[in-house]
Amino acid sequence: MRWYVFFIFTFVLLVLETGLRSLLRINTSAGEICPSFLLVLATFVALWAPSRIVPWVMLTIGLVTDLQPIPVVDPVSVPSMIGPATLGYMLGGYAVLQVRTFLFRQSPLAVAISVVVAGVFVHLVIVAALTMRGLPLPGFPGRIDGWSIGDQLYRRFFEMLYTAVAAIPLGWLLTRSLPVWGFEGTRTPWRS
């Protein structure tokens with residue numbers, strides 16, 4: 001895999017995700033729902049990269065995600081916290097590695113299915129970590145204002161589905177870019 005290609009795609013998709021947030025958001029009673037282009041990129045790489053590379057990719061994207069504001073009720077009131085998304089992406093990447101042999105990877109639907117598989121782990125770990133943050137134990141920063149486990153699971157479930165729908169066209173574009181990635185043992189799909 002060519003790492004510079006990965007970093008370019010990560011930067012471009014992070015900029016698009018941040019820049020298009022107000023355009024693509026759906027407001028619900030539990031908060032705003034936006035697709036995660038970084039989750040799509042992570043699952044695409046987990047589908048195609050050698051298994052020894054996937055943990056490093058997931059670690060990188062998880063750290064980038066952790067450095068973003070946490071979208072809760074009031075994102076300004078919750079500072080970034082390194083760890084929840086990183087651990088979630090690592091577990092999600094492992095799950096995608098386990099199911100990728102059963103998928104027809106050249107299909108954009110494989111990326112959407114992988115988003116759901118990885119997204120379950122990513123979002124459950126994030127919700128669990130942020131909930132544990134509010135436990136009344138020494139050294140824990142305290143409860144997040146407006147935090148509700150039910151609302152977060154509801155919002156993140158629909159955010160995962162929204163991301164899976166967005167993964168179909170984005171997965172098609174990423175699959176078309178396979179030759180520039182330099183993955184070992186891949187052929188160019190849909191060569192015309």
Mind telling me which of the residues Ile70, Ile126, Ile144 ends up being within 16 Å of Ser36 (Cβ to Cβ), crowded, with 16+ Cβ neighbours inside 10 Å and modelled with pLDDT under 85?
Ile70
Within the stretch 90-112, track down each residue that is of a type in the set (Ser, Thr, Tyr) and in a helix (DSSP H, G or I).
Tyr94, Thr101
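Results for (1) within 23 Å of Leu91 (Cβ to Cβ); (2) open to solvent by less than 80 Å² (accessible area, probe 1.4 Å); (3) in a helix (DSSP H, G or I); (4) modelled with pLDDT of 85 or more, shown as yes or no for each residue.
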| site | (1), (2), (3), (4) |
| --- | --- |
| Ser114 | yes, yes, yes, yes |
| Gly139 | no, no, no, no |
| Tyr154 | yes, no, yes, yes |
| Trp172 | no, no, yes, yes |
Matching residues, the stretch 39-60, being of a type in the set (Ser, Thr, Tyr) and in a helix (DSSP H, G or I)
Thr43, Thr60
Boolean, Ser51 is over 14 Å from the mean Cα position of the chain (by Cα), modelled with pLDDT of 90 or more and among the hydroxyl-bearing types (Ser, Thr, Tyr)
yes
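The values are calculated or read from the model by the stated rules, or taken from the named source; none is laboratory data. These numbers come from a predicted model, not from an experiment. Counting neighbours? That spans all protein chains shown, and the Cβs are built from the backbone with ideal geometry, glycine included. What goes into the accessible areas is simple: the full protein's heavy atoms, side chains included, and nothing from ligands, DNA or RNA. Shrake-Rupley method; radii C 1.70, N 1.55, O 1.52, S 1.80 Å.
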